[in-house]
Number of protein chains: 2
Amino acid sequence: MTFPVGLNRVLEPAGVLPQAAWRLDARAEIGADEVRIRVERLNLDAASFRQLATKHGGDGAAVRAEVLEIIGTRGKMHNPVTGSGGMLIGVVDEVGPESPLPVKAGDRVATLVSLTLTPLAISDGLAGWDGMGEQVPAAGHAILFGRSVVAVLPEDLAPELALAVFDVCGAPALTDRIVRSYAGAAQPVTVAVLGGAGKSGSLALTAARLAGARTVGVVVSDAERETLTAAGLADHVAVADARDPVAVSSAVVAALGAPATVTVVCVDVPGCEHGAILATASGGTVIFFSMATSFPAAALGAEGLAADVTMLVGNGYVPGHAEFALDVVRRTPAVRALFESRIAAH
Amino acid sequence: MTFPVGLNRVLEPAGVLPQAAWRLDARAEIGADEVRIRVERLNLDAASFRQLATKHGGDGAAVRAEVLEIIGTRGKMHNPVTGSGGMLIGVVDEVGPESPLPVKAGDRVATLVSLTLTPLAISDGLAGWDGMGEQVPAAGHAILFGRSVVAVLPEDLAPELALAVFDVCGAPALTDRIVRSYAGAAQPVTVAVLGGAGKSGSLALTAARLAGARTVGVVVSDAERETLTAAGLADHVAVADARDPVAVSSAVVAALGAPATVTVVCVDVPGCEHGAILATASGGTVIFFSMATSFPAAALGAEGLAADVTMLVGNGYVPGHAEFALDVVRRTPAVRALFESRIAAH
């Protein structure tokens, strides 16, 4: 048995996964389970671009030269300082006969796995890019493995909107799955979303309601409360500091009448673990989507509170998550408007 | 609605949970849902004792004086430098009429929640302790809240054995629960335990087998392989470095014929997330019990590998976990022998 995760593309060191590799083989010929993309645009990770721009004092030509150097040396756009990459947009060029990916030649797609593990070759010297921004017009090719994640860009939604939705598409899909796993329980399912006014939070709230749950969005400020209330995406909206366990659990209980069946953490600040645990009913589930989550704080917190709750590491991959998230946005004009106003504000 | 987690015992700062509090109220009078314990012995956390012993250059009387000072000032044994506590053994003195805890007056018990959140008062000046070790004979009282975790010490097992089992009792209980959640699936359930020769690992392997799973224990050395093979606790034993994703997943697939339904991580070193994810079948579950688990490495790793696996933060609390773990040990002489040989080696 082989693992279709690109091990054959790893040049050095041998035997590691593509993300951990120093150098990948970006040859254009594809294996039976691979897909080749004709690249149109790279979206550099914000932290990566900032590091490069700072290093070169805003000299765009120097930034461009270093990006070309990184891609040429490593066979992928993997910033060795920040460890981050980004994603890309392109058109499917060729699909191997054994590829399980749901794409065909000619599809315009976005890759939803990091550039840090995607074999990439540039053929135009990035001539169309001034090195001054994260959006990089580019010609060349990239390779997707058997196990990869790619989404077809929809024709009915602006690419910027689709990309913003793809960026957080794991949250609504996993929330939907977990809420439905409680279907048939004696009590109606309730869902609390900490950080309910944000991108992942508003999609999680919407998915929870579409799955039949009664919901409360917990937000940090009166301004966010007004935004979320006006959008009408939650049955209740409460203001509380997600880092204050007593405040957040009291707010959830006041809104729902009891702790939540499912609590979804979408607040990207440290220290939200105990409030989420305390806000969740016995037998319930906490889904942690925030990268600021502390594993020991969650594990030891639940133990110290004698809380019989299931705690999930929010896996950003759920089969069909990109299509699911687009569908949530299509069905819910208010969440679409929220996303569009964020994009317009940029 | 109130949360029975001891908020009424918090003196300062007001409104935080007992573990976060600087000072608790350790009065002996109990509330309706509280339990008072007559203390016999404190087991100081190893990191806390080491810090105190080092600070005082091995002067036992000074260590004793500082422990008394901490408990007197804070109303709990919460080392302000290490942030850690320990646990205690004692006899149940009084049970409030509304306590949900499964204990009665006269039971000899061990507390399974940290001393950092347990109201505690000492009445004998720790006269029976020389300040030279983590085991502290003590007289006084401690308070348990409505939501707390306490286990009755069994009469048929040595206290040292029971305490060693209690220390890791969440692992077998949660493993059992997850394995049984897959019962009725088309495929027989298989379980891989990374770190299968250790305390939590050997109990997880045993619980998985008792729940009907076919198991593989992954260990780091030939010596551990021989120990685990001789004990006969797993259907297969494989040697691999759990930090090497390709090695560990290949070893699991070689042993089981396919990736595992459930993978349990009991290896307390960083970097085991990707191997565990890759060793797990699509639709399977990874349970992370190691405190060295990196939340972002798990979340981003699964996404990068397009792995549809459920990832659980190993909650150390499962109702009935202490009794369950003792029962596993009683039913499995080989795992009992493994624990007893570890205790004897100390």
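Summary table
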{"quantity": "Unmet requirement for residue B:116, which otherwise passes all of (1) in contact with a Lys or Arg (Cβ under 7 Å, 6 or more places away or on another chain); (2) in a strand (DSSP E or B); (3) within 25 Å of residue A:296 (Cβ to Cβ)", "calculated": "(2)"}
{"quantity": "Count of residues meeting criterion [assigned to a helix (DSSP H, G or I), open to solvent by 20 Å² or more (accessible area, probe 1.4 Å) and among the aliphatic types (A, V, I, L, M)] in region A:140-180", "calculated": "2"}
{"quantity": "Residue in region A:15-24 that is touching a Leu at 6+ places or on another chain (Cβ under 8 Å), assigned by TED's automatic domain parsing to the domain that holds residue A:83, among the β-branched types (Val, Ile, Thr) and buried (at least 16 other Cβ atoms within 10 Å of the Cβ) present", "calculated": "no"}
{"quantity": "Every residue from region B:262-295 that is in a strand (DSSP E or B) and open to solvent by less than 20 Å² (accessible area, probe 1.4 Å)", "calculated": "B:262, B:263, B:264, B:265, B:280, B:284, B:285, B:286, B:287, B:288"}
{"quantity": "Per-region count, region B:310-327, residues within 7 Å of another protein chain (Cβ to nearest Cβ) and either closer than 16 Å to residue B:270 by Cα or in contact (Cβ under 8 Å) with a residue 40 or more places away in the chain (or both)", "calculated": "7"}
{"quantity": "Residues (in a loop (DSSP other than H, G, I, E, B), farther than 16 Å from residue B:284 by Cβ and open to solvent by less than 40 Å² (accessible area, probe 1.4 Å)) located in region B:223-261", "calculated": "B:232, B:233, B:234, B:240, B:242"}
{"quantity": "Matching residues in region A:296-308 - criterion: being in contact (Cβ under 8 Å) with a residue 12 or more places away in the chain and either in a helix (DSSP H, G or I) or more than 7 Å from chain B (Cβ to nearest Cβ) (or both)", "calculated": "A:297, A:298, A:299, A:301, A:302"}
{"quantity": "Residue within region A:147-168 that is on the phi < 0 side of the Ramachandran plot, within 14 Å of chain B (Cβ to nearest Cβ) and among the charged types (D, E, K, R) present", "calculated": "yes"}
{"quantity": "Yes/no for residue A:293 being closer than 30 Å to residue A:336 by Cβ and free of Cβ contacts under 8 Å to residues at least 60 places away in the same chain", "calculated": "yes"}
{"quantity": "Among residues of region A:1-30, those that are under 25 Å from residue B:251 (Cα atoms) and assigned to a loop (DSSP other than H, G, I, E, B), counted", "calculated": "16"}
{"quantity": "Test: residue in region B:109-121 that is within 14 Å of chain A (Cβ to nearest Cβ), buried (at least 21 other Cβ atoms within 10 Å of the Cβ), farther than 25 Å from residue B:201 by Cα and among the polar types (S, T, N, Q)", "calculated": "yes"}
{"quantity": "When residues of region B:323-339 are limited to those that are part of a helix (DSSP H, G or I) and more than 24 Å from residue B:150 (Cβ to Cβ), the one nearest to the chain's Cα centre (by Cα)", "calculated": "B:338"}
{"quantity": "Residue match in region B:284-292 (condition: over 29 Å from residue B:187 (Cα atoms) and within 11 Å of chain A (Cβ to nearest Cβ))", "calculated": "yes"}
{"quantity": "Selection count, region B:1-45, where residues are of a type outside the set (Lys, Arg) and away from chain A (no Cβ under 13 Å)", "calculated": "18"}
{"quantity": "Of all residues making up region B:32-61, the number that are assigned to a helix (DSSP H, G or I) and either free of Cβ contacts under 8 Å to residues at least 60 places away in the same chain or out of contact with any Gly (no Cβ under 7 Å at 6 or more places or on another chain) (or both)", "calculated": "10"}
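So that you can scan it fast, the table gives a plain yes or no per residue for (1) of a type in the set (Ser, Thr, Tyr); (2) on the phi > 0 side of the Ramachandran plot; (3) over 25 Å from the mean Cα position of the chain (by Cα):
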residue: B:244; (1), (2), (3): no, no, yes
residue: B:252; (1), (2), (3): no, no, yes
residue: B:255; (1), (2), (3): no, no, yes
residue: B:261; (1), (2), (3): yes, no, no
residue: B:276; (1), (2), (3): no, no, no
residue: B:279; (1), (2), (3): no, no, no
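The values are calculated or read from the model by the stated rules, or taken from the named source; none is laboratory data. Note that the structure is a prediction, hence the values are computed from the model and not measured. Quick reminder, even Gly has a Cβ in these numbers, built from the backbone with ideal geometry, and neighbours come from all protein chains shown. The area values use the complete protein model at the heavy-atom level, side chains included, leaving out ligands, DNA and RNA. Shrake-Rupley method; radii C 1.70, N 1.55, O 1.52, S 1.80 Å.
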